[in-house]
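The values are calculated or read from the model by the stated rules, or taken from the named source; none is laboratory data. It should be emphasised that the depicted structure is a prediction, and the values quoted were computed from it without experimental measurement. With ideal geometry, Cβ positions are generated from the backbone for all residues, glycine too; neighbour counts draw on all protein chains shown.
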Amino acid sequence: MSSYHLWSIGCQMNAADARQAAEMLEGLGFAPVSTPEAADLIVLITCVVRQSAEDRVIGRLSSLKSLKRRRHPPAIVVMGCFVPADHELLAAQFPYVDRFLLPSDLCGLRAFATMLAPQPATRVAASVAPVSALVPIMHGCDHHCTYCIVRLRRGPGRSIPVAEIVAEVQRVVAGGAREVTLLGQNVDAYGADLPGAPDLADLLRAIHDTPGLARIRFLTSHPAEMTDKLIATVAELPKVCPHFELPVQAGDDEVLKRMGRHYTVAHYRTLVERIRAQIPAASIATDVIVGFPGESEAQFAGTVQLLRELRLDAVHVAAYSPRPGTPAARLPDDVPAEEKARRRQVIETLQEEISGELSAALLGQTVEVLVEERRRGRWGGRTRTNKLVFFAAEGDWRGRLVPVRITWAGPWSLIGELDTTSA
Ligand code: SAM
Ligand code: F3S
């Protein structure tokens, strides 16, 4: 039997590609193996959003070179954002790679793997299907954020038709998923390129009544494009979780302008107010880049002030990393690495405090948890507001919605016990 090894880093779109690739390869008769040494086919799903991610990809790829000297060398496929549309240079740099495939090119992977597939295809026991499944709804992005290489690698926005997404949601739910997360670089742009221009709110409605589906999430939103219709739809539909991934990136108008974000700090602030006015229990997470070219101490202080004031539920903070081919890479990268690290630390410390206080407010409360997996002797899952909760209990709780009374609260996770009084 042929075997495959899959290595994936980066965003949830890559995680979704990895799930679909695994399903497809297993359908073709490949069995998963945990080390590249044991594999006939190695697939790397790559990320280059920052230099550190690119360095990991190059390290991983370089470590595979020696396997090609074997008598029966494995086939190596590299896909994801490491691969530009024109990858001749890359092919010259890594001649031992058998196929370079563009991000999310699962058709290309299928075509290549079919040539290697065991004949006749042997059925492999399918890997355990996830309780929470990632479902891409669009590829690419039409924004021009000046620091971003992802849009260069993934191309313009292309939405997947509603009917195809409905069918995919039904398929993953039939396979055991109870929650779906609809994915796109900017889900607020969903549908504009489709006949009849359905939007994300219409899509949420179209999948909402799927039997067996308990929860729906979506990410990532763009502050310049989020509509009141979407917020009202999230407020109205019970299966849609009141959680927003709403990257602000910076708390200073000048920096936002140079980032090409097309909104102001005041707009972002008002948007958060609009969400909270309609959905008081909503949780909001954001992304921040520190040390963007020319970011002064005062401009950074604006970001800190905004986060202090808004008290968001989570902040993913990254030090600016110049990416080749992006407009920002032509600007001087003038915030020293140590200063970027310091600014990142300032935000992480502030957010730890805020997240800790928000979590502490849940002590003694009973929250609904969708149980995803068992880890280190405890069951783990998330609340509707995306908080990670662990609890100890006998039996199999995977895939169930359970009431958990919170007994311990930390900034990044909560611990509780099954609340038998409200079960
Ligand atoms: N579409 C989303 C948005 O509207 O921002 C996010 C897409 S981006 C691929 C994911 C995150 O990576 C961004 O929110 C940003 O914070 C971070 N990121 C992107 N490019 C970066 C860079 N050059 N340096 C540091 N962080 C970066
Ligand atoms: Fe990149 Fe901005 Fe799109 S961060 S993926 S160009 S919304």
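All conditions but one from (1) more than 16 Å from ligand 2 (Cβ to nearest atom); (2) surrounded by 15 or more Cβ atoms within 10 Å (Cβ to Cβ) apply to Gly59; the one that does not is (2). Taken residue by residue, the stretch 238-245 has no member that is touching a residue at least 40 places away in the same chain (Cβ under 8 Å) and out of contact with any strand residue (DSSP E or B) (no Cβ under 8 Å at 6 or more places or on another chain). For the stretch 315-335: of the residues being more than 16 Å from ligand 2 (Cβ to nearest atom) and within 16 Å of Cys145 (Cβ to Cβ), which is surrounded by the most Cβ atoms within 10 Å (Cβ to Cβ)? So, considering only residues that are more than 16 Å from ligand 2 (Cβ to nearest atom) and within 16 Å of Cys145 (Cβ to Cβ), the one surrounded by the most Cβ atoms within 10 Å (Cβ to Cβ) is Leu331. Which one of the conditions (1) at pLDDT 95 or above; (2) assigned to a loop (DSSP other than H, G, I, E, B); (3) loosely packed, with under 13 Cβ neighbours inside 10 Å does Ala85 fail to meet, given that it meets all the rest? Against the list (1) at pLDDT 95 or above; (2) assigned to a loop (DSSP other than H, G, I, E, B); (3) loosely packed, with under 13 Cβ neighbours inside 10 Å, Ala85 comes up short only on (1). Assess whether Arg217 counts as being within 16 Å of ligand 1 (Cβ to nearest atom) and in contact with a strand residue (DSSP E or B) (Cβ under 7 Å, 6 or more places away or on another chain). Yes. Every condition in (1) touching a helix residue (DSSP H, G or I) at 6+ places or on another chain (Cβ under 6 Å); (2) more than 16 Å from ligand 2 (Cβ to nearest atom); (3) farther than 21 Å from Leu237 by Cβ is met by Ala133 except one, and the failing one is (3).
Annotation note: Cβ proximity below 8 Å between a residue of the stretch 140-154 that is more than 6 Å from ligand 2 (Cβ to nearest atom) and a residue that is among the small types (Gly, Ala, Ser) and part of a helix (DSSP H, G or I) (sequence gap 6+ or interchain) occurs for Asp142/Ala189; Thr146/Ala328; Tyr147/Ala328. Scoring Lys340 on the criteria (1) more than 30 Å from Ile415 (Cβ to Cβ); (2) basic (Lys, Arg); (3) in the same structural domain as Pro403 (by TED's automatic domain parsing) leaves a single failure, condition (3).
Taken together, Thr227, Thr210 contain a single residue that is crowded, with 16+ Cβ neighbours inside 10 Å and either away from ligand 1 (no atom under 14 Å from the Cβ) or among the aromatic types (Phe, Trp, Tyr) (or both), which is Thr210.
The rows are residues; the columns are (1) crowded, with 23+ Cβ neighbours inside 10 Å; (2) farther than 21 Å from Pro327 by Cβ; (3) touching a residue at least 24 places away in the same chain (Cβ under 8 Å); (4) in contact with a helix residue (DSSP H, G or I) (Cβ under 8 Å, 6 or more places away or on another chain).
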| position | (1), (2), (3), (4) |
| --- | --- |
| Glu254 | no, no, yes, yes |
| Glu273 | no, yes, no, no |
| Arg276 | no, yes, no, no |
| Ser296 | no, no, no, no |
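The set of residues in the stretch 23-33 that are under 30 Å from Ile149 (Cα atoms) and either touching a strand residue (DSSP E or B) at 6+ places or on another chain (Cβ under 6 Å) or not hydrophobic (A, V, I, L, M, F, W, C) (or both) comprises Glu23, Leu25.
Beta carbons closer than 6 Å, at least 6 apart along the sequence or on distinct chains, never pair a first residue in the stretch 343-355 that is of a type outside the set (Lys, Arg) with a second that is assigned to a helix (DSSP H, G or I). If only residues of the stretch 128-155 that are more than 16 Å from ligand 1 (Cβ to nearest atom) and in a loop (DSSP other than H, G, I, E, B) are counted, the one that is farthest from the chain's Cα centre (by Cα) is Val128.
Could you go through the stretch 30-38 and let me know if any residue there is within 24 Å of the chain's Cα centre (by Cα) and either without any contact (Cβ under 8 Å) to a residue 24 or more places away in the chain or not in a helix (DSSP H, G or I) (or both). Scanning the stretch 30-38, I find at least one residue that is within 24 Å of the chain's Cα centre (by Cα) and either without any contact (Cβ under 8 Å) to a residue 24 or more places away in the chain or not in a helix (DSSP H, G or I) (or both), so the answer is yes.
Selection of first residues in the stretch 193-205 that are modelled with pLDDT under 95 and of second residues that are surrounded by fewer than 16 Cβ atoms within 10 Å (Cβ to Cβ) and in a loop (DSSP other than H, G, I, E, B), restricted to Cβ pairs under 7 Å at least 6 apart or on distinct chains, gives an empty result. The residue list Arg258, Arg269, Arg217 contains one member that is within 16 Å of ligand 2 (Cβ to nearest atom) and either over 14 Å from Cys145 (Cα atoms) or modelled with pLDDT of 95 or more (or both), which is Arg258.
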